[in-house]
Amino acid sequence: MTLDDLSGSQLSTRRLTLLEDGVDATAQELRELAAMLGCSPLVLRHGLPADRGAQIRQELARADDALAQGLAAEARAQYAALVDDPALGSRPDLWCQAELGLALAAEADGDLPEAIERLTYLLAVLAPLDEQQLPPMAFEDREETEHRIGIALALCRCLREVGDLSASVNIGEITFTRELPGGWTDRGIELGATLLAAYIERGEQTICRALAAQLLEAAEQLGTPRALRAACWNGATVAAIDGDASLAADLGERALAAHAHLTDPPARQAGCEPGWPRTCSSTARPSMPERARCCSSPSKSWQAAPPAPST
């Protein structure tokens, strides 16, 4: 079928050419095209029949549940099957979800090299690191911004896990800086906490103090449990390293209080140092499945445990 065949009362050949070149079609234009082609407007907009899109989302949800339950190998197989599905080629949003899930499942399964490879590729597709500034339109969709931050956060963590602190800090710093124009969010503060954990492992205490204070101020302005948990917990770590037991205990208590209000997403997220969410004096390292439940889970080693909160 040619453009001339498709042109009608509302769609000139010139207009069809513009649509073909990437200009967004109006709802009326989609309906008219769909009627002539004998398909649903949803297929033209999203590239998949509505029922197939819903099926893929259900399969993603099952894989997410498996990962949240610590079934890393099972989740990894489910995500891999989705990534290999040609249908995702027409739905980049679902493809990104599946790729991120596969990377997190690989991390949970102990395969950090594959996790790093997939996360690096995803970040390169969505926000290449050589772009120091993102265009204003990049912040128009908050969900996409949060998705970019989540990918960078996971990559920052995985690189720290394998001991590549320089690369971890580089990813964290670039993302932290260029995503700030979009404003503070829970995920942004969790990224900052993950970056702070890398600084802690590098022993850069001056930078740690400054970043911990910045995150705490932003978290208090947001006032959300997720933000406060991330900022207060790693802030407690920095205070403990400084030898300020009183401040460490206070921040630890605030982190635990914030955590008590959270049921979703799962615990041990937000870039918190290991020991989360047990007592502030815990040095136990959470299991790998627990660490990959969210894009922001604890770091590799406990530099200095803050004292237990007073009771």
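The values are calculated or read from the model by the stated rules, or taken from the named source; none is laboratory data. Since we're looking at a predicted model, the values are computed, not measured. Here Cβ is always computed from backbone atoms with ideal geometry, including for glycine, and neighbour counts include all displayed protein chains. These area figures cover heavy atoms from the full protein model, side chains too; ligands, DNA and RNA do not enter into them. Shrake-Rupley method; radii C 1.70, N 1.55, O 1.52, S 1.80 Å.
Values for this structure:
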| quantity | calculated |
| --- | --- |
| Gain in span if fully extended, L126 to Q205, counting 0.36 nm per residue against the direct Cα distance | 25.2 nm |
| Net charge over other residues, Cβ less than 14 angstrom from the Cβ of S246 (K, R count +1; D, E count -1) | -3 |
| Ranked order, L82, L247 - accessible area, probe 1.4 Å, largest first | L247, L82 |
| For region 63-80, Karplus couplings with θ = phi - 60° (6.51, -1.76, 1.60), whole Hz, Gly/Pro x | 5, 4, 4, 4, 5, 5, 8, x, 8, 4, 5, 5, 4, 4, 5, 5, 5, 4 |
| Fully extended contour minus Cα-Cα distance, from A61 to E143, at 0.36 nm per residue | 27.8 nm |
| H259 - accessible surface, heavy atoms, 1.4 Å probe, Å² rounded to 10 | 40 Å² |
